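K.L.:
Please find one structure pasted underneath; my questions will follow.
The values are calculated or read from the model by the stated rules, or taken from the named source; none is laboratory data. Given the structure is predicted, the values throughout are model-derived calculations rather than measurements. Positions of Cβ are backbone-derived with ideal geometry, glycine not excepted, and every protein chain shown enters the neighbour counts.
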There are 2 protein chains.
Amino acid sequence: MRTIEWDKEKEAVKFIDQTLLPREYKIKECKRVDELIDAIQSLKVRGAPALGVAGAFGVVLACITETTKEAVKTQVARLEKARPTAVNLAYGVNRAFNAAKHGETTAEMKMYALAEANQIAEEDIAVNKKIGEYGSELLDDGDVVLTHCNAGRLACVDWGTALGVIRTAIANGKRIEVISCETRPLNQGSRLTTWELLQDKIPVTLITDSMSATVMRAGKVDKVLVGADRVVKEGVLNKIGTYMHAVVANAHNIPFYVAAPLSSFDIKSSYKEVAIEERSPDELIFLGKEQIAPLDVNVYNPAFDFTPFELIEAVITEKGVVRDVMDFEYKL
Amino acid sequence: MRTIEWDKEKEAVKFIDQTLLPREYKIKECKRVDELIDAIQSLKVRGAPALGVAGAFGVVLACITETTKEAVKTQVARLEKARPTAVNLAYGVNRAFNAAKHGETTAEMKMYALAEANQIAEEDIAVNKKIGEYGSELLDDGDVVLTHCNAGRLACVDWGTALGVIRTAIANGKRIEVISCETRPLNQGSRLTTWELLQDKIPVTLITDSMSATVMRAGKVDKVLVGADRVVKEGVLNKIGTYMHAVVANAHNIPFYVAAPLSSFDIKSSYKEVAIEERSPDELIFLGKEQIAPLDVNVYNPAFDFTPFELIEAVITEKGVVRDVMDFEYKL
């Protein structure tokens, strides 16, 4: 199935529980906004584009469980703030809620919201495919591409942004190998990226985040390609570690690319205005049930970092490859 | 107790089992070379200076368990190769074995080896204190020092190299805070460095390795200070991730220091001649009992990397702060 979709019979949003991979492939369903917020905050569903679709389906849930427009609005406001950094969540919530407003009753609202949410999901796949086509032009036959976190099928509805580019390049006949950084502290690289690439039989090697400079120095990396949680006027907010890879790629003259749908763009804002989510110290103190640090240690755990455009060769969108964002803004 | 020492009554080498920290503080003892090799390979005892002392005590064990000089020699050869990258292991083994050769019987050999091993342990503490004095001159009151892996008391006999510098600076009245990178894949930073600093009430904040660039960009780091497994003619071999921090520190104009005893120096060799230990894929696929990657994923897991002198502001030794290794070699 898709990473996230609507279950018509159950009137529920269902998705692959990403906290259980790669050990277990399990579909989770939510019928209430509360459950969905919990799933979003615990990263059962994650990835900027997937969060947009989750937010939109969440609006549908609110229209089902609530009996007044006002009550729906309250739920929608909570949903929009479930996680602060990726702009897609608010984008999806707002699109579905604006559609829902055309309804008089909550039943009508639900109908409009669902149509819009499904539309967002379809668009996401189409957008991923477009990003794939534009991005695959940048990859050469034989390239080894280093990636961080998971900007793949599991972060979207189906194809992926960064990994979508790799999928398209391979579909177009290029041989591409991937180096996946494990992506501490939640290991989306080791848990999700390797899993979905192995499913597709795309060659992948897992390394720790701290090995990226070493593999680059050894000449083992041709390009770096990551996703984005939000593109702002000075650069890109993405999973913590992205900035480090960008600095290191730059020092080794390796091009650093970002693949992101326009729904992740917020180029009127500065990165200084965007809240960087700080997550629980437990993410560094425990891994699963395993204690790996003293319980009373002070921890700094931002989930995202900021990479300035100076370090980014280009941003790959569904409207083309953007090398100059100011110029691009003008064209939009 | 010390990190590693000789137990006279039991005729055994005993040490803090570093694989159990921070959950459990447990002393382990070895009476046979086989056990000690296993302890070294499984990192129950680790850290370049501590490995030197472990190797020397291992020679003592061989003199006890074996009945001929030839048999001792065979054990010693195995011990020397237990781990390839840190030069200290071979250094400690060779010093103790060369001392042992003065004995006629294995009982005499044991006596000479033990005296030499204890001498190496005493020297290690004295050397650490000297490194601390020289290095603390480089730290300013109020500095925040980022470190990687564990170059502390737990990596040595008692005081530490990189963390020894911080201890001495604090003993000399400077306020120093530490940022400890967790140091994947075996988390010596989160498990050991934070633990020993908390024991000494030295302020420490734990981050993932991938956050170092972000805290540097935010102006939160004044200096980077790490240990070394081997200093060669072009630079330093140290825990994987060191090179990445050095590149990133350089990009942010933050001085990058290495603290290492002369027993870690091998400046006649090139880094190209030194075997970089590659460890088991399981270190990235599992964390404790927790599976965090597909079982069949390809993994690249070098335990060390190489950082060229161009990125290193100075190497702190027991004979002074070395800014130009060629000049230093001349002085040696």
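K.L.:
Evaluate the stretch B:321-330: report whether one residue or more is under 25 Å from B:P84 (Cα atoms), away from chain A (no Cβ under 14 Å) and surrounded by 14 or more Cβ atoms within 10 Å (Cβ to Cβ).
P.N.:
Among the residues of the stretch B:321-330, at least one is under 25 Å from B:P84 (Cα atoms), away from chain A (no Cβ under 14 Å) and surrounded by 14 or more Cβ atoms within 10 Å (Cβ to Cβ), which makes the answer yes.
K.L.:
Continuing with this model, one more query. Here are some residues: A:R175, A:R153. Which one is surrounded by 24 or more Cβ atoms within 10 Å (Cβ to Cβ), basic (K, R) and at pLDDT 95 or above?
P.N.:
Unique residue meeting the criteria: A:R153.
K.L.:
From the list A:T183, A:T194, which residue is in a loop (DSSP other than H, G, I, E, B), within 10 Å of another protein chain (Cβ to nearest Cβ) and β-branched (V, I, T)?
P.N.:
Every option except A:T183 fails the conditions.
K.L.:
Here's a follow-up. If you go through the stretch A:248-260 one residue at a time, do you hit one that is hydroxyl-bearing (S, T, Y) and either surrounded by fewer than 18 Cβ atoms within 10 Å (Cβ to Cβ) or more than 11 Å from chain B (Cβ to nearest Cβ) (or both)?
P.N.:
yes
K.L.:
On to the next question. When the stretch B:95-124 is examined, which residues are found to be part of a helix (DSSP H, G or I) and surrounded by fewer than 17 Cβ atoms within 10 Å (Cβ to Cβ)?
P.N.:
B:N98, B:A107, B:E108, B:A115, B:Q119, B:E122
K.L.:
Can you tell which of A:V236, A:V231 is in a strand (DSSP E or B), within 14 Å of another protein chain (Cβ to nearest Cβ) and out of contact with any Cys (no Cβ under 9 Å at 6 or more places or on another chain)?
P.N.:
Testing whether each residue is in a strand (DSSP E or B), within 14 Å of another protein chain (Cβ to nearest Cβ) and out of contact with any Cys (no Cβ under 9 Å at 6 or more places or on another chain) leaves just A:V236.
K.L.:
Now a separate question. Checking B:S263 against (1) within 11 Å of chain A (Cβ to nearest Cβ); (2) assigned to a helix (DSSP H, G or I), only one condition comes out false. Which one?
P.N.:
It is condition (1) that B:S263 fails.
K.L.:
Looking at the stretch B:274-307, which of its residues are out of contact with any helix residue (DSSP H, G or I) (no Cβ under 9 Å at 6 or more places or on another chain), of a type in the set (D, E) and facing chain A (nearest Cβ under 7 Å)?
P.N.:
Listed by number, the list holds a single entry, B:E290.
K.L.:
Is there any pair linking a residue in the stretch B:283-301 that is farther than 18 Å from A:L186 by Cβ and modelled with pLDDT of 95 or more to one that is outside any loop (DSSP other than H, G, I, E, B) and among the charged types (D, E, K, R), with Cβ under 7 Å and at least six apart or on different chains, and which?
P.N.:
B:N301/B:E278; B:N301/B:E283
K.L.:
Being assigned to a loop (DSSP other than H, G, I, E, B) and crowded, with 18+ Cβ neighbours inside 10 Å is the requirement here; does A:A293 meet it?
P.N.:
yes
K.L.:
Still on this structure, I have one more. Considering the stretch B:188-209 alone, what residues qualify as being crowded, with 22+ Cβ neighbours inside 10 Å and touching a strand residue (DSSP E or B) at 6+ places or on another chain (Cβ under 8 Å)?
P.N.:
Residues satisfying the conditions are B:Q188, B:G189, B:S190, B:T193, B:T194, B:L197, B:V204, B:L206, B:I207, B:T208, B:D209.
K.L.:
Exactly one of (1) out of contact with any helix residue (DSSP H, G or I) (no Cβ under 9 Å at 6 or more places or on another chain); (2) without any contact (Cβ under 8 Å) to a residue 40 or more places away in the chain is unmet by A:E29. Its number?
P.N.:
Against the list (1) out of contact with any helix residue (DSSP H, G or I) (no Cβ under 9 Å at 6 or more places or on another chain); (2) without any contact (Cβ under 8 Å) to a residue 40 or more places away in the chain, A:E29 comes up short only on (1).
K.L.:
Return yes or no: is B:L197 hydrophobic (A, V, I, L, M, F, W, C), over 23 Å from A:E182 (Cβ atoms) and free of Cβ contacts under 8 Å to residues at least 60 places away in the same chain?
P.N.:
So B:L197 fits the description; yes.
K.L.:
Follow-up question, since we're still on this one. Pick from the stretch B:197-226 the residues that are aliphatic (A, V, I, L, M) and more than 10 Å from chain A (Cβ to nearest Cβ): which of them is nearest to B:R167 (Cα to Cα)?
P.N.:
B:I202
K.L.:
Moving to a separate point now. Within the stretch A:16-27, which residues are more than 14 Å from every other protein chain (Cβ to nearest Cβ) and in contact with a Lys or Arg (Cβ under 6 Å, 6 or more places away or on another chain)?
P.N.:
Correct list: A:D17, A:I27.
K.L.:
Sticking with this structure for a sec: Check B:G160 against each of (1) crowded, with 24+ Cβ neighbours inside 10 Å; (2) not in a loop (DSSP other than H, G, I, E, B) and name the one condition it does not meet.
P.N.:
If we test B:G160 against (1) crowded, with 24+ Cβ neighbours inside 10 Å; (2) not in a loop (DSSP other than H, G, I, E, B), just (2) comes out false.
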